Every structure is written in C-alpha cells, then in structure tokens.
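Peer 1: Before anything else, here's the structure in question.
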Amino acid sequence: MSLSPRDFAGCLLEVGAVRLQPLEPFTWASGLKSPIYCDNRQLMGYPEVRDQIVASLVVASKALNPTLIAGAATAGVPWSAMVADRLRLPLAYVRPTPKNHGMGRQVEGPLAKGHRVVLIEDLISTGMSSLKCADALRAEGAEVPAVLALFSYGLPQALQAFQAAGIAHEELSSFEVLSAEAEVRGILDIAGSAALKAWRSDTVAWSRAHGGA
C-alpha cells in the first residue's frame with residue numbers, strides 16, 4: 001500500500017526524519033541557516049514505512065515508463081535499488097562527480113545510452129545535485145523525464161532550475177503538506193509556521209537575518 005502525501009509527512013515527523021527548529025536554526029553545509037532539517041536516511045530503519053515508501057515510488061515510476069532506474073548517490077541508492085528490484089528493471093547509480101581513478105565513470109552500472117531513466121533522490125533542496133546527476137545520465141545518451149524524490153522543500157530556486165533543465169520532478173510529500181501536518185499536531189505554532197514560510201520564500205535573506213551565510 002502506498003502513502004498519501006499527508007501520511008508520509010506524518011511518518012517523517014514521527015520517526016524524527018524531519019526536525020523543525022524555527023528558534024534554533026540548523027546550519028547547512030553551505031553555511032546557510034535553516035529552520036528545518038530533513039534526514040530521510042532515518043526511514044530505512046522502519047521496515048513497514050520503508051515498504052510503503054517503495055510502493056509509492058514504484059507507482060510513480062511505472063507511470064513514467066522507464067527502462068532503467070537510477071539512484072542519486074548516496075541517499076537515493078537504496079530506494080532506487082528496491083524500486084528497480086520490484087519493477088525488474090536495470091539499476092544504475094550516479095556519483096556527484098566522476099571518479100578520479102579507474103574508468104573515471106560518474107554513472108555506475110549499465111550504460112544509460114538509449115534508456116528512459118527515472119532518477120530517484122531522497123531530498124530536493126536547491127535541486128542542483130539532482131540536476132547534476134540528470135546531466136550525467138543525459139551525457140551518456142539517456143532520456144531523463146523526471147526526478148522522483150521522497151521530499152522536497154519546494155524552494156523557488158529549485159523549481160526554476162528544474163524548469164530550465166526541462167525535467168519534471170515529483171515528491172512523495174512537500175514542504176506545504178508537512179508544515180500543515182506539523183501545525184495540526186501542535187509541533188508548530190503560528191509564529192513557527194510563519195518562520196518556515198519566510199525562510200522558504202528567501203532562504204538567503206532569512207539565513208543572514210539569523211546569523212548565517
């Protein structure tokens with residue numbers, strides 16, 4: 001059984017995969033401050049939830065008629081492997097950059113040339129890492145109709161980047177759904193919800209206002 005966006009958002013909150021701290025923001029690797037932190041790796045520790053996530057990804061993947069499933073390294077790899085297994089399709093994974101030794105490949109596994117590839121990612125933030133992986137697949141001669149992700153922050157810069165690249169993106173749940181579910185559960189108050197929305201509308205300005213890069 002697959003998950004609805006609201007059910008999946010609830011799972012993220014229940015297992016601690018998403019944490020919301022408007023008053024004590026997290027610091028991303030880029031130096032940006034953020035009131036939300038998502039670690040979908042936590043979901044792999046819950047077999048029943050994991051099974052439902054894979055079922056949802058399978059449904060979304062089948063609708064795109066892929067001939068190969070690819071995972072964005074590293075966090076997208078386990079999900080892509082489970083989806084490819086259920087669909088009985090070839091599997092590849094894509095490194096952020098080419099190896100600097102051996103064959104120097106960026107796409108590992110079967111050659112993507114001529115394949116219609118669904119790329120699976122765990123999280124879309126700015127979209128840059130996902131699109132770099134998609135570019136690597138395209139450079140091998142693959143068609144990449146969409147990136148499937150477990151969760152997306154829905155940042156304006158990501159939406160613009162995917163549109164410019166001509167690649168669709170889908171996610172099992174979104175920032176809007178999660179924010180609403182957090183309010184219903186009493187995790188966020190009105191002020192906290194407003195802080196999250198302000199951050200998403202302009203991540204750089206919000207970060208600077210809170211002591212970040």
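The values are calculated or read from the model by the stated rules, or taken from the named source; none is laboratory data. Source: prediction; values computed, not measured. Cβ sites come from the backbone with ideal geometry, for glycine too, and all protein chains shown count toward neighbours. Only protein heavy atoms, including side chains, enter the accessible area calculation; ligands, DNA and RNA are left aside. Shrake-Rupley method; radii C 1.70, N 1.55, O 1.52, S 1.80 Å.
Peer 1: For segment 106-126, how many residues are open to solvent by 60 Å² or more (accessible area, probe 1.4 Å) and either assigned to a loop (DSSP other than H, G, I, E, B) or polar (S, T, N, Q) (or both)?
Peer 2: 3
Peer 1: Also: Checking Pro96 against (1) under 29 Å from Ala180 (Cα atoms); (2) open to solvent by 30 Å² or more (accessible area, probe 1.4 Å); (3) without any contact (Cβ under 8 Å) to a residue 40 or more places away in the chain: exactly one of these is not met. Which one?
Peer 2: (1) is the only condition that Pro96 fails.
Peer 1: Scan segment 175-199 for residues that are β-branched (Val, Ile, Thr), in a helix (DSSP H, G or I) and open to solvent by 70 Å² or more (accessible area, probe 1.4 Å) and report the count. Please lay out each step first, then the result.
Peer 2: Within segment 175-199, the subset β-branched (Val, Ile, Thr) is 177, 184, 187, 190.
Those still in the list that are in a helix (DSSP H, G or I) too: 177, 184, 190.
Retained after the next criterion (residues that are open to solvent by 70 Å² or more (accessible area, probe 1.4 Å)): 184, 190.
Looking only at that region, the number is 2.
Peer 1: Continuing with this model, one more query. Give segment 139-153 a look and list any residue that's on the phi < 0 side of the Ramachandran plot and either in a loop (DSSP other than H, G, I, E, B) or among the β-branched types (Val, Ile, Thr) (or both), or say none.
Peer 2: Glu140, Ala142, Val144, Val147, Tyr153
Peer 1: Next question, about the same structure. Just one of (1) surrounded by fewer than 22 Cβ atoms within 10 Å (Cβ to Cβ); (2) assigned to a helix (DSSP H, G or I); (3) touching a Leu at 6+ places or on another chain (Cβ under 9 Å); (4) not aliphatic (A, V, I, L, M) trips up Gln157, so point out which.
Peer 2: (3)
Peer 1: In segment 180-213, which residues are farther than 18 Å from Leu155 by Cα and of a type in the set (Lys, Arg)?
Peer 2: The answer is Arg185, and nothing else.
Peer 1: Scan Ala81, Ala75 and give me the residue that is open to solvent by less than 50 Å² (accessible area, probe 1.4 Å) and part of a loop (DSSP other than H, G, I, E, B).
Peer 2: Matching residue, one of Ala81, Ala75: Ala75.
Peer 1: Go through segment 20-61 and count every residue that is of a type in the set (Gly, Ala, Ser) and in a strand (DSSP E or B).
Peer 2: Summing the residues that are of a type in the set (Gly, Ala, Ser) and in a strand (DSSP E or B) in segment 20-61 gives 1.
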